[in-house]
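The structure under discussion appears below in the form of structure tokens.
Only the coordinates and a few stated rules stand behind these numbers; no lab work does. Owing to the predicted nature of the structure, the values given are computational and were not obtained by experimental measurement. With ideal geometry, Cβ positions are generated from the backbone for all residues, glycine too; neighbour counts draw on all protein chains shown.
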Amino acid sequence: MFLGHFGVGFGAKTLAPQVSLGSLFLAAQFLDLLWPTLLVLGIERVRIAPGMTRVTPLEFVHYPVSHSLLAVIGWAVMVAAVYWFLRRYPRGALVLGAAVVSHWLLDAVVHRPDLPLYPGGSTLAGLGLWASLGATLAVELSVFSAGVWLYARSTAETDAAGRWGLWGLVAFLLIVYFMNLFGPPPPSVEALAWVGHSQWLLVLFGYWLDRHRRQAAG
């Protein structure tokens, strides 16, 4: 899942208005921000296997550090604790921690049974929604649309950058998503990992965008 995670980031703004959209993106995408580095270091492994599912050509071979449920809970506690230490905003810390866990839950809906419950465990989770392109689009676009709607409804632009920046970001995310769906598979695991690091730019854009929007009145 890709758009759905950003949908969670957008929507979570209504639960913790003082948290920047950039921080919410970071939390909702934290596992996939960590994963490319672990690939580069050889700690986790993925295989490019076109036809593996209807939606993605990736076979997630080994990723217990970034995507096992027990590790995810640990990452969520860490993210929440760091935010609380820096901001002393308990609700924000709880929402950010929950956003980290939401990533695993959404992945468990779409992935094949390849998500470990704990490092070294043989029990794997995954409902396999990626077997159906139509069902995947319905779920992911619904989560994304709901999140964007909540964010747009609960915030207001302070200038033109806040207005057009939001819709520019939404359009960009949609373009990237459909290019991934219908474009060619990655040429190599190394290329996949390095491109994955570019998601940090979306986090930075979230911080920038939130500086041009404010909490809506009422």
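A few points about this structure:
- Count Lys and Arg as plus one, Asp and Glu as minus one, and take only other residues whose Cβ is under 15 Å from that of P36; the net charge is then -2.
- Mean ellipticity per residue at 222 nm, deg cm²/dmol - from DSSP H runs of n ≥ 4 across the chain, formula -39500 (n - 2.57): -20000 deg cm²/dmol
- Pair R91, S188: separation of 7 Å Cα→Cβ label points (nm): 4.9
- FRET efficiency, T158 to S122 (Cβ-Cβ, R0 41 Å, nearest 0.05): 0.20
- Measuring nothing but how far apart in sequence close Cα pairs (under 8 Å, 6+ apart) lie, relative to its length, the range 3-212 scores a relative contact order of 32 percent.
- Around K13: net Lys/Arg minus Asp/Glu count, Cβ-Cβ under 13 Å: +3
- Summed side-chain charge close to F2 - residues other than F2 whose Cβ falls under 9 Å, Lys, Arg +1, Asp, Glu -1: -2
- Label-point gap, in nm, between S198 and W149 - each point 7 angstrom along Cα→Cβ: 3.1
- Counting 0.36 nm for each residue step from R211 to V176 and taking away their Cα separation leaves a gain of 10.2 nm.
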